[in-house]
Amino acid sequence: MELIKNNSTANALQDLILEGRKILMKKSDDNYFIEIRFNHNDIDGTRKWRIILDGLEFHISEISINVPSNTKSKFVEEFQGYQHHIVCEAREVIFKDNIANIW
């Protein structure tokens, strides 16, 4: 499923993810570039992780990474500091019960 990169698409999918719906995001011809960060704004455990999938950000409670991954740090001028990520490439991500399974 190719996504239109806009906020309304991400917001609609985020609502479905938080409801526990199963959502398959899959690329047939390429991989998603995925960045994972801890969400410091989470208050109840339902959004403790940020998963950034080709520029679209989703919040989830758990992640299972089933592909090779590594860490990456990048300096963000706006914050005058570094952001640290777990990064990987994957052909598909399955969201279910507020958990992301990366394959």
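Each value in this text was obtained by applying a stated rule to the coordinates, not by laboratory testing. Remember, predicted model here, so these are calculated numbers, not experimental data. Every residue, glycine among them, receives a Cβ derived from its backbone with ideal geometry; neighbour counts consider all protein chains shown.
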Check: What number, in percent, do you get for the relative contact order of the chain if the mean sequence gap of Cα pairs under 8 Å and at least 6 apart is divided by its residue count?
Finding: 33 percent
Note to self: Give the residue list of GluC sites (Glu not before Pro) in region 11-103 that are DSSP loop and have at most 11 other beta-carbon atoms within 10 angstrom.
What the structure shows: GLU19
Note to self: Give me a comma-separated list of calculated 3J(HN,Hα) values for region 27-42, in order, Karplus coefficients 6.51, -1.76, 1.60 applied at θ = phi - 60°, integers in Hz, x for any Gly or Pro.
What the structure shows: 10, 8, 10, 7, 10, 7, 8, 10, 10, 10, 9, 6, 9, 5, 8, 5
Next item on the list: Quick one: net charge around PHE95, please, counting Lys, Arg +1 and Asp, Glu -1 for every other residue with C-beta under 10 Å from its C-beta.
Entry: +2
Check: Among ASP30, ASP54, ASP44, which one shows the biggest mean-square fluctuation in a GNM of the chain, springs joining Cα atoms closer than 10 Å?
Finding: ASP44
Next item on the list: List the trypsin sites (Lys or Arg not before Pro) within region 15-99 that fall in a DSSP loop (any state other than H, G, I, E or B) and whose Cβ has at most 12 other Cβ atoms within 10 Å.
Entry: LYS22
Note to self: Just to be sure I understand the model, the point goes 7 Å from the Cα along the line to the Cβ. What's the resulting ARG21 to TRP103 distance in nm?
What the structure shows: 2.0 nm
Check: Once you charge only the Cβ atoms, +1 for Lys and Arg and -1 for Asp and Glu, what is the size of the charge dipole of the chain about its Cα centre, to the nearest 20 debye?
Finding: 160 debye
